[in-house]
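Here the structure is laid out as C-alpha cells; the discussion comes afterwards.
The values are calculated or read from the model by the stated rules, or taken from the named source; none is laboratory data. For clarity, every value in this text was computed on a predicted model and none was experimentally measured. Note that each Cβ is placed from the backbone with ideal geometry, even for glycine, and that neighbours are counted across all protein chains shown.
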Amino acid sequence: MMWFRAAVLAAMLSLMPQASAQSIPRIAIIIDDLGYQLETGQRAINLPGPIAYAILPETPRGRSLAEAAHDKGKEVLLHLPLESIEHLGPDEPASITLDMSRSAFHDTFDAALASVPHAIGVSSHRGSLLTRHPGHMEWLMEEIRARDGLFFVDSYTTHESVALQLAAEAGVTAVKRDVFLDNDRTPDALAREFQRLIMLARQQGVAVAIGHPYPETLEFLERKLRELDDDDVELIPVSEVMHGLVRQPHSAASH
C-alpha cells in the first residue's frame, strides 16, 4: 500500500498551483529629465537592467541620448513638459500650457514627439497645474491615441491629477508612478524609498518608480540594481507594466 499512497500524494501535488515568475514582485524604474547633460545621460543609460529613459523634447542632447538608449535595448519615453503651479523661470522647450489653443497643442505635441526618436510612450514633466484640467488631459489623450501603440505615464505631481481617468475614457493605456526615489538625495532616503518601492510591489504585484540623473541617484542604482536577487524582486521594462494593468493606488504627490 505504500506505493499506492505515494502515487496518490504525487498526483495531489501535481494538481497544486505551482509558483510562477508572475508571483515575484516586479518593479519598473524610469529615469526622468534627460536631454541637457551628455555625460550624466550616458551614465544613466549604462545602468544595468531594463530601465526606461524619459527624455525632454527639443533639448541639446535629447536626440543623441534617445539613440544611445535605443541602441542599448532600453526603452525611451517622451518626457512632455506640462505647465505646473510653482515652477519659476523659463518654460522648457515644447511646453504644453493652459492658454494654448487646440491647434497649438497639437503642433507642440507633434514637434515634441518628433524630437525624441524611438519613444514608445509619453510621461508628464511637472504638470501640477495641467494634469488636473480635464479639457487639456482629453486633448493629450487624443494626441496619444492617434499614434498607435503609445502609452502614458503620469508622474503624478498632484493628487488632483485627472490624467488616468481621462486616459481610461480615451482608451489610452496608462499608469502613474508609485515612488519618487530621490526627492531627498541622501543615501538613507534613497535606500528608504527603494525599500518602499519593493514593499509596494509586494503588496500590488508591480510598482513604478521615477528617479533623476543626479550623481547620488545613479551611484545608488549602480550598486542596488545588482542586488535585486537578494530582495527577491524583478526589474521589468515599463512597457510590461502596461500589460493588463489598470491600477495605481493613491501615493504622495510632489511638485
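Do we have any residue at all in region 162-180 that's among the polar types (S, T, N, Q) and without any contact (Cβ under 8 Å) to a residue 60 or more places away in the chain? Yes, there is a match, as at least one residue in region 162-180 is among the polar types (S, T, N, Q) and without any contact (Cβ under 8 Å) to a residue 60 or more places away in the chain. Taken over region 47-88, the criterion of being among the acidic types (Asp, Glu) and in a helix (DSSP H, G or I) is satisfied by GLU67, ASP71.
Exactly one residue among LEU218, LEU181, LEU190, LEU197 is in contact with a Gly (Cβ under 6 Å, 6 or more places away or on another chain) and modelled with pLDDT of 95 or more, and that residue is LEU181. Against the condition under 24 Å from ALA146 (Cβ atoms) and in contact (Cβ under 8 Å) with a residue 60 or more places away in the chain, how does LEU98 come out, does it pass? No: the conditions fail for LEU98.
Among the residues making up region 172-188, those that are within 14 Å of LEU221 (Cβ to Cβ) and over 16 Å from the mean Cα position of the chain (by Cα) are ARG185, PRO187. Each residue in region 197-211 was checked for being out of contact with any Ser or Thr (no Cβ under 8 Å at 6 or more places or on another chain), under 18 Å from PRO50 (Cβ atoms) and surrounded by 16 or more Cβ atoms within 10 Å (Cβ to Cβ), and 7 pass.
Quick check on region 136-150: of everything there that is assigned to a loop (DSSP other than H, G, I, E, B) and modelled with pLDDT of 95 or more, which residue is nearest to the chain's Cα centre (by Cα)? Looking at the filtered set, the residue picked out is LEU150.
Could you list, in sequence order, the residues of region 110-135 that are in a helix (DSSP H, G or I) and surrounded by fewer than 24 Cβ atoms within 10 Å (Cβ to Cβ)? Residues satisfying the conditions are ASP110, ALA111, LEU113, ALA114, ARG132, PRO134, GLY135. The single condition from (1) more than 19 Å from PRO215 (Cβ to Cβ); (2) at pLDDT 65 or above; (3) of a type in the set (Lys, Arg) that ARG5 fails is (2).
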